[in-house]
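See structure below.
What follows draws every value from the coordinates through simple rules; no lab data is involved. Everything quoted here is computed from the prediction, not taken from an experiment. Positions of Cβ are backbone-derived with ideal geometry, glycine not excepted, and every protein chain shown enters the neighbour counts.
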Amino acid sequence: MKLPIYLDNHATTPVDPAVFEAMAPYFLEKFGNASSTNHSFGREAERAVEHSRRIIAEAIGAEPDEIYFTGGATESINLAILGTAQSYYGKGRHIVSVVTEHSAVIDSLKLLEQKGFEITLLPVDKSGSVDVELVEKSLKDETILVSVMTANNETGSINKVEAIGNICGEKGILFHTDATQAIGKIPFNVSTVPASLASLTGHKIYGPKGVGVLFIRKTSPRIKLVPQTHGGGHENGVRSGTLNVPGIVGLGKAVQLSAELFDEETARIKSLRDRLYSGLQSEVSGIEINGSMDNRLPNNLNVRFKNVRAENIITEIRDIAVSTGAACSSASPKPSRILKALGLSDEQAYSSVRFGVGRFNTEEEIDYAVEKFSKTVKMLRESSPLAELSTK
Ligand code: PLP
């Protein structure tokens with residue numbers, strides 16, 4: 001077994017060697033600009049981009065011309081939310097979302113609030129999911145967009161996006177879902193989830209960082225977004241900027257692999273995650289699950305260790321990579337806003353650890369993690385039973 005062990009697959013995933021292999025030629029000999037279609041270099045790059053577009057479209061039940069390449073999920077989300085607001089503000093200025101959304105959603109909404117939009121951020125239940133009826137009740141005549149993530153990046157909680165999308169559809173309201181953490185972990189298909197817009201990214205599915213997709217539905221209704229980047233009119237004028245050909249090739253390959261491996265991989269990862277949880281439960285006392293065990297991604301475990309600070313556990317355990325919260329907020333000393341939204345106290349949030357199991361983890365690694373965490377938690381509790389949770 002090789003150390004350190006990586007169990008932070010919600011933050012990012014390693015690039016699959018097959019993905020890297022597919023990308024490599026597009027850095028070196030096949031370096032053409034996909035827009036330079038007047039020569040063979042450009043046409044070769046364009047063919048590769050269109051091949052990826054078809055793979056991704058097929059994997060999520062979309063048409064190729066509904067797939068728009070971006071620089072990652074943050075950009076896709078910004079484009080979806082700000083682009084919708086700028087395009088449809090004449091119809092209304094009310095947007096509904098949920099407190100546990102990624103900061104790319106929350107911060108885009110804050111910006112719109114400053115510009116006069118009314119933003120409703122709905123709470124979640126103890127399992128971390130938003131109640132469908134609550135979404136329905138929050139809708140008004142002026143509501144132009146609902147944005148609800150398919151699955152959460154900290155708790156793995158899954159939302160009923162199919163039902164939410166149907167309600168929005170019936171009322172003629174656009175529905176965006178951030179499917180970043182869901183792709184490759186639970187089925188996600190826009191033929192069943194009636195999303196108008198969906199965001200995804202490469203680096204959570206063993207693809208490269210800095211490349212993503214915004215799915216934009218083209219019929220019933222055809223959605224028109226105001227672009228957020230201006231320039232050469234790439235991606236049908238929606239997202240200007242020279243296409244990241246190696247990244248797009250890698251994203252296509254990553255999506256293809258995820259689809260091919262889906263059944264075997266989700267079952268295997270779930271069994272590793274369950275092994276981790278039951279191992280910890282049998283070795284340490286005072287361990288509790290954040291959210292529900294049923295309604296969560298198969299790769300996610302978010303637990304709290306009573307009377308111990310997660311930060312201290314992580315500092316002690318140098319050879320296992322886990323997290324106390326979302327990667328983008330891990331520099332913040334505040335308790336996780338996501339865990340707080342589930343009703344946890346500050347102390348409970350501070351004692352929580354997020355494990356993200358991935359494609360390359362093994363049983364041996366899981367058993368090592370169980371042993372290491374159990375020993376460390378016991379040691380910390382014994383060394384400073386009361387001091388552990390004193391506020392900093
Ligand atoms: N949405 C969710 C749920 C995420 O987990 C992430 C990644 O941290 C993002 C959006 C942002 O994705 P990207 O890193 O591709 O901008």
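Restricting attention to the stretch 107-225, close to 50% of DSSP beta bridges with both partner residues there are antiparallel.
For the chain, the longest principal axis of the C-alpha atoms and the axis of helix 363-383 are separated by about 50°. Normalised size of the stretch 106-153, defined as Cα radius of gyration per 2.2 N^0.38 Å with N residues, equals 1.23. Inter-label distance, residue 262 to residue 218: 2.2 nm, where each label sits 7 Å from its Cα along the C-beta direction. Under the classification rounded if a/c is under 1.5, otherwise prolate if a/b is larger than b/c and oblate if not, where does the stretch 57-114 fall, given a ≥ b ≥ c as square roots of the Cα gyration tensor eigenvalues? Cα axes put the stretch 57-114 in the prolate bin.
Under a model in which nothing but the beta-carbon of Lys, Arg (+1) and Asp, Glu (-1) is charged, the chain shows a dipole of about 660 debye around its Cα centre. By the helix-only formula, in which each DSSP H run with n ≥ 4 contributes -39500 (n - 2.57) and the sum is divided by residues, the chain has a 222 nm mean residue ellipticity of -12500 deg cm²/dmol. Sorting 162-169, 179-186 by average packing, meaning the other beta carbons within 10 Å per residue, from highest down gives 179-186, 162-169. Anisotropy class assigned to the stretch 12-115 is prolate, per the alpha carbon gyration tensor with a/c at or over the 1.5 cut-off and a/b larger than b/c. Shown here is the pair-distance distribution of the stretch 75-174: with all Cα-Cα distances grouped in 5 Å bins from zero up to the longest one, the shares run 3, 13, 26, 26, 21, 9, 2, 0 percent. Is the chain best put as rounded, prolate or oblate by its Cα gyration tensor, with a ≥ b ≥ c the root eigenvalues, rounded for a/c under 1.5, and otherwise prolate when a/b is larger than b/c, oblate when not? Oblate. One Cα centroid belongs to the stretch 38-62, the other to the stretch 178-201; the line between them spans 20 Å. When peptides 66-75, 260-269 are ranked by their average number of other Cβ atoms within 10 Å per residue, the highest-first order is 66-75, 260-269.
DSSP finds beta bridges in the chain, and of those with both partners inside it, around 55 percent are antiparallel.
One decimal place: the segment residue 384-residue 142 gains 81.6 nm when fully extended, by the rule 0.36 nm per residue minus the C-alpha distance.
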